[in-house]
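Accompanying notes for the structure given below.
The values are calculated or read from the model by the stated rules, or taken from the named source; none is laboratory data. Everything numeric here is computed off the predicted structure, so don't read it as measured data. Every residue, glycine as well, gets a Cβ built from its backbone with ideal geometry; the counts of neighbours run over all protein chains shown.
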Amino acid sequence: MSTSTGIQWWRFSPGQILEKIAAHTFDRRHGTDTSTFAELNTLGIASANKLHGQRYQPSPVASLRRLLRRLGIDYSAFSFIDFGSGKGRTLLVAGELPFRQVIGVEFGAELHVQAERNIALYGRLRAQSVTSMHLDATSFVLPPTDLVLYFFNPFSQAVFDQVAANLNASLRAQPRHVILIYLYLPDQDWLRQLDGFAPRAPWRNYVVLDYTPHRV
């Protein structure tokens, strides 16, 4: 069985079918533009880290929603940060929950502008604020709140190492609860430099780590 989209649905499990339907209907339902991929060589990016970046592709909708809803946290105490947020689909999905703030960090100006348009169009936002920042990930200063950090293969290890070093320094200066989510982690060794993080049970293609400081 196939449809006008050319998808042969019989090839997929029920969970995969749900994911594909959610992805294919997301923009049509909300009037946004998050689905199309974008290669970095087609974008005007001034950062020297352009050579370490990966193309924009949207995060899955259904599984990300389920994962964020099962974190077991008080969302109002947490800031959600998406590194390499592109056109902002992940910001919209996270923004459906009452996070203290949802922030996208994106070094491609065109993608950042499109993310701002999508945020303005999306009618299901419950977070206190949802914003996209036009900024290199290595220059982003983490907010002093509890954090959920999200990565979907936005850049190579060279940049991830710098972001991880910034995270370690931030937690030494101000210990706080952090949950790190990585979809399709290229190599477990990338996580070795993170100080004090413990893995949660893996779920599908997501690696989830917890940093919980000792509170007096």
What are the pairs with Cβ atoms under 9 angstrom where one residue, in segment 45-61, is of a type in the set (S, T, N, Q) and the other, located anywhere, is outside any loop (DSSP other than H, G, I, E, B) and modelled with pLDDT under 90? Sequence gap at least six, or different chains.
S47/G53; Q54/L40; Q57/A38
Looking only at segment 179-203, how many residues end up being surrounded by 14 or more Cβ atoms within 10 Å (Cβ to Cβ) and either in contact with a Gly (Cβ under 9 Å, 6 or more places away or on another chain) or touching a residue at least 40 places away in the same chain (Cβ under 8 Å) (or both)?
3
Residues of segment 131-159 satisfying the condition of being over 24 Å from L40 (Cβ atoms) and assigned to a strand (DSSP E or B)
D146, L147, V148
In segment 166-174, is there at least one residue being of a type in the set (D, E, K, R) and touching a residue at least 24 places away in the same chain (Cβ under 8 Å)?
no
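Return the only residue of G84, G95, G104 being within 22 Å of Y211 (Cα to Cα) and free of Cβ contacts under 8 Å to residues at least 40 places away in the same chain. Before you say what the answer is, go through the steps one by one.
On the way: G84 fails: free of Cβ contacts under 8 Å to residues at least 40 places away in the same chain; G95 fails: within 22 Å of Y211 (Cα to Cα).
On inspection, the qualifying residue turns out to be G104.
Listed here are the residues, each with its yes/no results for (1) at pLDDT below 95; (2) part of a helix (DSSP H, G or I); (3) touching a helix residue (DSSP H, G or I) at 6+ places or on another chain (Cβ under 9 Å).
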site	(1), (2), (3)
L91	no, yes, yes
F99	no, no, yes
H112	no, yes, no
E116	no, yes, no
Single match in S139, S132, S85, S76 (criterion: modelled with pLDDT of 95 or more and in contact with a Pro (Cβ under 6 Å, 6 or more places away or on another chain)):
S76
Every listed condition ((1) free of Cβ contacts under 8 Å to residues at least 60 places away in the same chain; (2) of a type in the set (V, I, T); (3) assigned to a loop (DSSP other than H, G, I, E, B)) holds for I73 save (1)
Of those in segment 179-189 that are within 14 Å of the chain's Cα centre (by Cα) and not in a loop (DSSP other than H, G, I, E, B), the residue nearest to I73 (Cα to Cα) is I179
Can you tell which of A94, A115, A109, A77 is surrounded by fewer than 16 Cβ atoms within 10 Å (Cβ to Cβ), small (G, A, S) and under 23 Å from Q54 (Cβ atoms)?
A109
Looking only at segment 190-216, count every residue that is more than 22 Å from R172 (Cβ to Cβ) and part of a loop (DSSP other than H, G, I, E, B) and tell me the total.
5
Taking into account only those residues within segment 28-47 that are touching a Lys or Arg at 6+ places or on another chain (Cβ under 9 Å) and charged (D, E, K, R), which is surrounded by the most Cβ atoms within 10 Å (Cβ to Cβ)?
D33
Please specify each residue of segment 147-178 satisfying the condition of being surrounded by fewer than 20 Cβ atoms within 10 Å (Cβ to Cβ), modelled with pLDDT of 95 or more and hydroxyl-bearing (S, T, Y).
S170
